[in-house]
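A.B. asks: So that we are looking at the same thing, I have put the structure below in structure tokens.
Derivation of every value follows stated rules applied to the coordinates shown; laboratory data play no part. Keep in mind it's a predicted model, so treat the numbers as computed, not measured. Note: ideal-geometry Cβ built from the backbone for every residue, glycine included; neighbour counts use all protein chains shown.
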Amino acid sequence: MRPSAAGLAFVACLGVAALAGCATSPPQPDPVQLKLASLDARMTRVERVVDNRSLLGLANQLAATRADLRSVHNSLDQLRHRLNEDRKRERDLYADLDARLSKLEAQNGGAGTSAAAPTASSQGVAAATPGSSPPQGSAATSAAGADQAAYQSAFDLLKAGHYGQAGSAFKQFLAAYPDSSYADNAQYWLGETYYVNRDFKTARREFQTVIDRYGRSSKLPDAMLNVGYCDDELHRMSEAKRVLHEVLARFPGTSAAHLAAQRLAKIKSE
């Protein structure tokens with residue numbers, strides 16, 4: 001029995017539908033490929049994290065280096081400022097000492113007190129009586145002349161700027177002539193030789209000796225002023241202010257008081 005045309009048509013439709021279903025069904029993915037893709041994605045994420053952390057570390061190191069550089073620059077600026085201040089103070093020290101020396105020279109030729117010297121009349125008497133015994137007091141006059149010469153020699157070294165040699169000469173003078181009328185001046189200028197060389201601790205000790213030993217000296221106001229200066233340079237601020245205020249109270253109207261007021265104003269502004 002031969003199949004009918006309708007049956008053949010139905011079978012053909014079923015075949016076409018089956019073929020169409022097979023064409024639209026997606027292929028199954030390969031599990032191995034899926035695993036590799038997953039691992040590749042994970043590796044990419046890990047690499048990104050590592051790169052980010054490395055960049056963060058480098059950024060932190062760069063920031064720390066910049067901070068260190070800023071600190072170094074600030075330190076250098078502070079050192080330059082201190083160096084400039086030290087140079088200015090040194091110039092001021094020399095200028096101040098030179099001004100005081102010039103003033104002293106204008107007053108009395110460098111000697112703080114007139115030394116004893118033979119008078120014209122005593123010289124005339126001695127010349128008029130050759131062969132006679134020296135007049136009374138000639139030995140004292142000779143001694144006075146010796147201490148004046150020794151003092152002037154030390155003072156000349158100071159004026160010439162030979163501060164180390166001048167200090168040694170003033171020490172020798174004080175050892176040889178402790179009771180000389182120049183002793184207070186020699187003690188004061190000894191302190192100045194240390195001060196101008198920025199040995200403020202030793203300078204303070206020498207100026208304090210003027211205060212303690214020569215209470216009636218004309219150098220007393222300046223010695224007290226310089227004690228205050230030394231305390232300031234040694235950063236003993238409370239002591240410096242106390243001494244400078246004492247200069248103002250004990251010696252009003254003097255150049256020492258004027259300089260003490262200036263230094264107090266400077267200390268207050270710092």
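A.B. asks: If Lys and Arg each add +1 and Asp and Glu each add -1, what is the summed charge of the other residues whose beta carbon sits under 11 Å from the beta carbon of Ala223? Walk me through the numbers on the way to the answer.
C.D. replies: Numbers: positive: Arg204, Arg213, Lys219; negative: Asp184, Glu192, Glu206, Asp212, Asp222.
Around Ala223, the surrounding residues sum to -2.
A.B. asks: Where the centre of each part is set by its Cα atoms, how far does segment 149-167 sit from segment 204-270, in angstrom?
C.D. replies: Cα centroid to Cα centroid, the span is 24 Å.
A.B. asks: Additional query: Sorted from fewest to most neighbouring beta carbons within 10 Å, what does the list Ser255, Ser217, Ser238 look like?
C.D. replies: Values: Ser255 13, Ser217 19, Ser238 8.
The order, fewest Cβ neighbours first, is Ser238, Ser255, Ser217.
A.B. asks: Ok, one more. I need the semi-axes of the equivalent ellipsoid of segment 168-270: take the C-alpha gyration tensor, multiply each eigenvalue by 5, square-root it, list largest first in whole angstrom.
C.D. replies: Details: eigenvalues 121, 47, 17 Å².
Rounded to whole Å, the semi-axes are 25, 15, 9.
A.B. asks: Local charge sum around Val243 (other residues, Cβ-Cβ under 13 Å, Lys/Arg +1, Asp/Glu -1)? Walk me through the numbers on the way to the answer.
C.D. replies: On the way: positive: Arg204, Arg236, Lys241, Arg242, Arg250, Arg263; negative: Asp222, Asp231, Asp232, Glu233, Glu239, Glu246.
Surrounding charge for Val243 is 0.
A.B. asks: Place the peptides 186-193, 205-212 in order of packing, highest mean first, counting for every residue the other Cβ atoms within 10 Å and averaging per peptide.
C.D. replies: Values: 186-193: 25.6, 205-212: 19.0.
Descending mean neighbour count gives 186-193, 205-212.
A.B. asks: Within the set of other residues whose C-beta is less than 15 Å from the C-beta of Ala261, count the net charge using Lys and Arg as +1 and Asp and Glu as -1. Show your work: numbers first, answer last.
C.D. replies: Working: positive: Lys241, Arg242, Arg250, Arg263, Lys266, Lys268; negative: Asp222, Asp232, Glu246.
Result for the neighbourhood of Ala261: +3.
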